[in-house]
Amino acid sequence: MVRILVVYDSRTGNTEEMAKSVAEGVRKAGAEVVLKRADDVSLEDMKRADGIILGSPTHFGTMSDRMKALIDESVRIRGDLDGKIGACFSSSAHYAGGNETTLLSLIKAMLIHGMIVAGDPLDVGGHYGVVSVGKPDAKTLEACEALGRRVVEIAGKLK
């Protein structure tokens with residue numbers, strides 16, 4: 001069975017709500033999902049996963065400090081994530097929040113680990129990943145579910 005780790009950081013609850021929808025998409029696609037806050041993820045969690053989906057609020061156009069701390073710690077397992085599928089999502093408080101640059105900061109970390117990065121599916125946007133400005137609406141949450149399903153589909157092909 002495919003195992004997907006969904007890791008998120010959230011201060012206002014918006015990114016957490018998105019993470020729960022991503023996890024629901026993973027479950028609906030028939031995979032095992034592990035949903036954890038960035039502070040609670042171990043390097044073993046990352047190594048055991050077939051795919052990793054990272055969600056971060058946007059802080060000055062980049063990932064949160066908690067997510068960055070996890071990425072910095074993950075250097076100890078560099079090479080162990082090679083070939084795994086990765087994807088990401090982000091939320092910001094307002095339109096000038098820099099969601100795309102936040103996604104790119106997460107994507108760069110995945111690429112350095114040798115991960116294969118998937119954007120969100122074409123039918124929900126086909127971009128770097130799912131983003132929300134403020135509280136995620138129904139359309140955004142549907143896109144989050146679709147992202148979870150997409151990662152399972154690709155991870156299954158790679159396994």
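The values are calculated or read from the model by the stated rules, or taken from the named source; none is laboratory data. Since this is a predicted model, take the numbers as computed values, not measurements. Please note: Cβ atoms are built from the backbone with ideal geometry, for glycine as well, and neighbour counts cover all protein chains shown.
The residue that is nearest to SER90 (Cα to Cα), counting only those in region 20-40 that are aliphatic (A, V, I, L, M) and in contact with a helix residue (DSSP H, G or I) (Cβ under 6 Å, 6 or more places away or on another chain), is VAL22. From the list ARG78, ARG150, ARG66, the lone residue that is under 20 Å from ARG37 (Cα atoms) and either of a type outside the set (Phe, Trp, Tyr) or within 16 Å of the chain's Cα centre (by Cα) (or both) is ARG66. A count restricted to region 8-38 and to residues that are β-branched (Val, Ile, Thr) and closer than 21 Å to LYS139 by Cα stands at 4. For the structure I just gave you, tell me whether SER92 is modelled with pLDDT under 95, closer than 18 Å to ARG37 by Cα, in contact with a helix residue (DSSP H, G or I) (Cβ under 8 Å, 6 or more places away or on another chain) and surrounded by 19 or more Cβ atoms within 10 Å (Cβ to Cβ). Criteria met by SER92. In this entry, VAL75 is excluded by the filter for residues that are closer than 22 Å to LEU158 by Cβ and either of a type in the set (A, V, I, L, M) or in contact with a Ser or Thr (Cβ under 7 Å, 6 or more places away or on another chain) (or both).
Of all the listed residues (GLY55, GLY61), the sole one being modelled with pLDDT under 95 and either touching a His at 6+ places or on another chain (Cβ under 7 Å) or over 22 Å from LEU158 (Cα atoms) (or both) is GLY61. None of ASP50, ASP80 is among the acidic types (Asp, Glu) and touching a residue at least 60 places away in the same chain (Cβ under 8 Å) except ASP50.
Within region 9-23, identify whether any single residue is among the β-branched types (Val, Ile, Thr) and either modelled with pLDDT under 95 or loosely packed, with under 14 Cβ neighbours inside 10 Å (or both), and answer yes or no.
Step one: list which residues in region 9-23 are among the β-branched types (Val, Ile, Thr), which gives 12, 15, 22.
Next, from what is left, pick out any that are either modelled with pLDDT under 95 or loosely packed, with under 14 Cβ neighbours inside 10 Å (or both): 12.
Taking every residue of region 9-23 in turn, at least one turns out to be among the β-branched types (Val, Ile, Thr) and either modelled with pLDDT under 95 or loosely packed, with under 14 Cβ neighbours inside 10 Å (or both).
If you go through region 30-40 one residue at a time, do you hit one that is in contact (Cβ under 8 Å) with a residue 60 or more places away in the chain, at positive phi and surrounded by fewer than 20 Cβ atoms within 10 Å (Cβ to Cβ)? For region 30-40, residues in contact (Cβ under 8 Å) with a residue 60 or more places away in the chain, at positive phi and surrounded by fewer than 20 Cβ atoms within 10 Å (Cβ to Cβ): present. Helices (runs of 4 or more DSSP H) fully within region 59-159 that include at least 1 residues being among the β-branched types (Val, Ile, Thr) and within 20 Å of ALA23 (Cα to Cα): 99-112, 138-158.
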